Amino acid sequence: QVQLAESGGGLVQPGGSLILSCVASGIIFSTYAMGWYRQAPGKQRELVAIIFRGGSTNYADSVKGRFTISRDNAKKTVYLQMNSLNSEDTAVYYCNAGQYDLNYWGQGTQVTVSS
């Protein structure tokens, strides 16, 4: 059974930082592209950042220079370091594991940026 367990969300003030973690089980982690997506109220889910098997990364324009995605294959964990947070970053953040036609999602973790 595949499980993706996100953690690290919470309430943070504008300008603050958070680190999200996603621990995977039930998959050969190193063979999957791992991504972070987010969905704000009333909006579609969007890609935030993705890290491929070889370590290359892509980011949404809105987070470039502020967010960093990384992975630890030994720990089967993907991270999202989020800096300089603002209210537009408020959303539920989802971890995704993708490989060809296989696609798995975590349950999501809420990030709220507010003073």
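Converting phi to 3J(HN,Hα) with the Karplus coefficients 6.51, -1.76 and 1.60 and the offset θ = phi - 60°, segment 9-25 yields x, x, 9, 9, 6, x, x, x, 10, 9, 10, 9, 10, 9, 9, 9, 9 Hz in sequence order, with x at every glycine or proline.
If I take all pairs of Cα atoms in the chain, what percentage of them are more than 16 Å from each other?
Here the long-distance tail beyond 16 Å is 55 percent of all Cα pairs in the chain.
For segment 3-59, the extents of the C-alpha atoms along the principal axes are 36, 22, 19 Å, listed from largest to smallest. In plain terms, the chain from Gln3 to Gln99 could stretch by 33.1 nm, reckoned as 0.36 nm per residue minus the Cα-Cα distance.
So between Ser114 and Gln39, what do we pick up on full extension, going 0.36 nm a residue minus the alpha carbon distance? Numbers along the way, then the final one.
Working: separation 75, 0.36 × 75 = 27.00 nm, distance 1.68 nm.
Working it through step by step, the gained length comes to 25.3 nm.
A 1.4 Å probe run over the protein chains yields, for the chain, 54 Å² of accessible area per residue, whole-number rounding.
What's the carbon and sulfur percent of the chain's accessible surface, probe 1.4 angstrom, rounded to a whole number?
Carbon and sulfur: 47 percent of the exposed surface of the chain.
The values are calculated or read from the model by the stated rules, or taken from the named source; none is laboratory data. Treat the numbers as computed from the prediction; the structure is a model and nothing was measured. Protein only, heavy atoms only, side chains kept; ligands, DNA and RNA dropped before computing areas. Shrake-Rupley method; radii C 1.70, N 1.55, O 1.52, S 1.80 Å.
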